[in-house]
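The structure under discussion appears below in the form of structure tokens.
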Amino acid sequence: MAARARACADLRVAGAAAGQHRRRARADRDPRRDAHRVGLGALCPADGGAGGCAQLLAGAAQSGARAAGRGIGDAHARCPFLCPGRDDARRSGAGAAGLEGAGGRLDPRAAREADDRSAPRDDRAGAAALGTAGARDLRDADLGDGLHHRRFLGGRGCDHGPSLAQRPGLRGDPRRADAGAAAAVGGGDGGSCALAQPELCHRRHAAGGDQPRRDLGKLPGGLGARPAGGGLGAGPLRAHRADHRPGRHLSGHLAGAGPAERSQLGLVPQLSRRDRPARRRGGSVMQHSPIRLVPPQVTVVIPVKGHPVLLDDAIASVRREMAEGVILRLIVVDDGCPYAETRQCLDDWQARMGAQMLVLHHANGGLSSARNRGIEAALRLDPGLDAIFLLDSDNLLAERAGLTMRHLLETHRDHDWFYPEFDFFGQAGNYRTEPVFSPLLQAEANQCDAGSLIRRRVFDAGLRFDEEMRQGYEDWDFWLQAAKAGFTGRSARRPLLLYRKRPASMLSHSHEVDQDLRRFLRRKHKWLFNPAALVALEAASFPRFALITGEGRTVSTCVDPDHQTPVATPEFERMVLAAMADPHANHAPAHLIFLREGVEDHLRQARLLHGVLWNFERRALRNPHDLDLLFLDRHPDGGHDIATDSGNPDRTPDAICLRLSTAQDWVRRGVEDRLRKLDLVPSQEDVSSWTLRAPAHVGGLAGGAAAGEVLRGTMLALVRSPYLAALQTGWGWRDPGAAISRDRTVQIPRNAVDGGVTFPLLRAKGRHDIALVLPIFNIGGVERVAASIARELSAAGHRMHLVVLSDRPIDTDPWSLEPFATITWQADSNALDWSGDEFLGTAEPRWGQGAEGTDLMGLLGGMDVVINAHSAALHKVADRLRRRGVLMIDHEHLVERSTYGRAYGPPHLALAYEQAYDLFLTCSTRLMTWMHANGVPREKLMAVVNAPGYPMSRAEQGFLTAARVTARARRQPLRVLFMGRLDKQKGIDRVCAIARALADQAPRITLSVAGRSVVEADGAMLSWPSETRFLGAVRGPAAISQLLSQTDILILPSLYEGLPLSVLEAQRCGVVPIVAEAGAVREAIEDGRNGFVVPQQDCAEAMVARILMLDGDRARLAEMAQAAAETSPTWTEATEGLRAWLDQRLPELSDLPAGTPAAAVQPKYMFS
């Protein structure tokens, strides 16, 4: 009695606090002060804070009236404004109570209902202070699930009270159900909660069935206590008479909805009884669908192996809920339980329940097998079945679960299953769940308990539990199957299930083998556990970047910068602060990117935007600083390059990356003096920086607000936000438990690539994504071949991406970059160090340890195809990419030769990683034969024989040939050209010797040298005759074609070659090539017909002899030139086999990766 008096006193305190708040609410209505009072409610315009406060109050009620009263007064003093739009907010009596108490709108029926309960005067005063809806919903405890624990367990599993199975008269006694029911409602042993007792007035009649409900308060044993003979066995349960009013739903507490609920949480003024309009027939505050004449039919399936005593409790809870008319049948599957007591228990219950219960006995097949047998039986027995609820034998249905099931099935027709929030007893706890099922969050952890209400259509689609999963996580797997099939679920947001948690259980064993089970799930559900699918889900609901641009601070959010969502600046502020207030319910982008006006367009035109965002995120993760500064410059020579460390210069940055966590930390500190200095240069913060140079002019970007000014303005707006006061309050009574904080969503796609930073790219409709990876991208033959292949694949409908795996500059012709949709550096300088272990005499780079390799996995893991063009570093992760479903292709060009003639080079390393690739491309049939002879299966080899390195139309080729005939008719001096790198491999010393010989023997012949050193600088050390013409690097198709049109003979005295592009380009223009015997040159040159091939020994002398011969025989020169022009191949012909192979291996395309839900869940502000 003393405890009860204290509870009532606390309720009076709650009323007084509410009155105090009401007086404050009538105070000065300054807009800023209003916004301050708005608090968290203003942060959630679509999902008002009422649900959060209601759960806070209900959770407090779990500990008794004192905590509840204190929670009501405190919570609503802090959060006076609650917003509509959320079911649990509208249903919440606690939230409505606070509103009515705070606003002074007390229901006149409160006192009458308190009198009906025959409660003491103090209790009635507390109920009046709360308001009718508050008293009723505290009684119903819609979200205060802890009340249900004590209500029908008598406190068992929470603090005290014997098990139902230990009470007298259960085993084999016809009164067992009655006695169990009496214990279930908390009578007879003092185990019931005081706040739960008014529920009995509303939900139960007396033992005889006819006693008025007010008399229940006078039964022996205290308010709401019941004699052992009453309960389920004494007569059918009846709804309160208010439930039978015309036009009202028989849906539990809805029939008694308080005035605040009917007025949308107090935001609509309440009317007096005489002015109140008639209630719309069929309407309710919960927006029910029209009531069905026949309620939904639900079958409960309980698999059992062990727990014969606890099984009694589970079955009793099901039979209790059958009285509501929704649960029509119980199926119990005995999965080979070794206890005879289990079979006795089932026999007794079968005799009691008759046709309402079906018992199946089977040899042990595991939990999944038992569930599947029960599901099959349920579907077979009841053709009109609407749903199945799966209940474990040691768990319990919550009180009024039957009515909750009806509400869920009738109201949320688009959802396919309903999962409970995690309410534990034994090891007590109350954990939140996700309001709506998210496949992205489900990929991180199971969000749905197996004890869920599942519509029949899910099982009709063939979904069942995996009977091979005997160690656990079979429910996680089931929900992933459902998501793949296009089904979706939502949280019941009401008590459905009470979960018995013990230190030793099947679930605890599953946690011991967690990593093994996760690996199994990743292998089984590759449709989800791949970067492309996870990034698509991330983009739909949890944007990774916020781009804030210019003086106006326009904001857009995205994962892929090609798919941005504009966000109003105030909305962005709410987004950031809501994520701070409750990170388990609200999301904000993990990276805030501040841009000078025009920077985004500049990067997009240069195709660098995706790569810049990826590098920003990578730098923030691997080498975190407060700020990461990006400077943009124009490259003086028209190329691209990157500098990964630019210090802290005295210049304004063009872009700044700020991690959300750092921004939130600054907001919490609220030091405005520091924030006002964010735009100073050099920066006073802890910074890192880097520089990009591109061909495009960037001088125009100097105008407008610099990135630092945009950062400064944004941060000052956040610390001055009227919503900031909401951060001082905790809004949820449930623990996060396994709920996933929204700041972890950026990490979920990384799990599919071993923790690497995933590339921010979404699938393009109707196109596959193919990445070409090179160690450098210069003007060499490998790069031009890669660009030519990219051009053909792009023309075939694929989307191409260039990845440079080093910090080397991109220095090539503009045409070679045209096929690529994105250009990205992984600027690791040690990717080219070549100091690692050797294989067949060829050293590997030491690169690839730790984050280096995983980040390359993240960069390439979302691609359909990756083509490796001589990147030794890529070999390190090729096998891991292939095992994750990426088609891996290696492209080899030539076997190199050392000074002593030993063969080595990229093809040798490729042999070491043969198992990591699906296909090997070679530039010639000769190299393909070599690789086959060295161990590569013939089926994995394809020759893509080189063609000229840049495009030219047939008409242009014909024009150049005709011009050459005209020039020969004028008998001009012979023109000889060397075109290539001025490196040792190309025989630059031999070219010098040829130049000296021609200067001595035929000074009328001109020799030109076009190119520059790339690998070495040997050409600068040689002594050249003065007549030699040095043209430097000739860039671009037009310049090369013009040079070749003015050339008669091309010389190429290389030490080793693949199939050189310069030879093929010269032949197309009618130039006669004279080359040294190397590589596959004979695949392009038929000696003496369309060119000459000379031996390596005495190469220079042989070339001089053939030049002089053709100078004297112009007719043969013309004949060979014509033959050369007629044998020129094209890249369309060369790549025909590759394009056919890709068409065969790549799947049919859809808008999203297979299994990705077509409609993604949009984020809302929530406070649970």
> Using the 10 angstrom Cβ neighbour count as an exposure proxy, how do 666, 349 rank, fewest first?
Replying inline: 666, 349
> So, counting K/R as plus one and D/E as minus one, what does the shell of residues with Cβ under 11 Å around residue 852 add up to?
Replying inline: +2
>> Let's test the formula: R0 of 25 Å, r as the Cβ-Cβ distance of residue 622 and residue 665. What FRET efficiency results, to the nearest 0.05?
In response: 0.80
> Ranked highest first by average number of other Cβ atoms within 10 Å, how do 898-905, 637-644, 579-586, 1028-1035 line up?
Replying inline: 579-586, 637-644, 1028-1035, 898-905
> Assuming R0 = 35 Å, what is the FRET efficiency of residue 1119 and residue 1029, from their Cβ-Cβ distance, to the nearest 0.05?
Replying inline: 0.80
> At a Förster radius of 51 Å, what calculated FRET efficiency corresponds to the Cβ-Cβ distance of residue 914 and residue 512, to the nearest 0.05?
Replying inline: 0.85
>> Need the full-extension length gain, residue 1013 to residue 565, defined as separation in residues times 0.36 nm minus the C-alpha distance. One decimal, nm.
In response: 156.6 nm
> On full extension of the chain, what length is gained from residue 686 through residue 720, given 0.36 nm per residue of separation minus the C-alpha to C-alpha distance?
Replying inline: 9.9 nm
>> Rounded, prolate or oblate, given the Cα gyration tensor of the stretch 965-1128, with a/c below 1.5 counting as rounded?
In response: rounded
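Since every read-out is calculated from the coordinates, none of them should be taken as a lab result. Bear in mind that the values here come from a model prediction, so they are computed numbers and not experimental data. Positions of Cβ are backbone-derived with ideal geometry, glycine not excepted, and every protein chain shown enters the neighbour counts.
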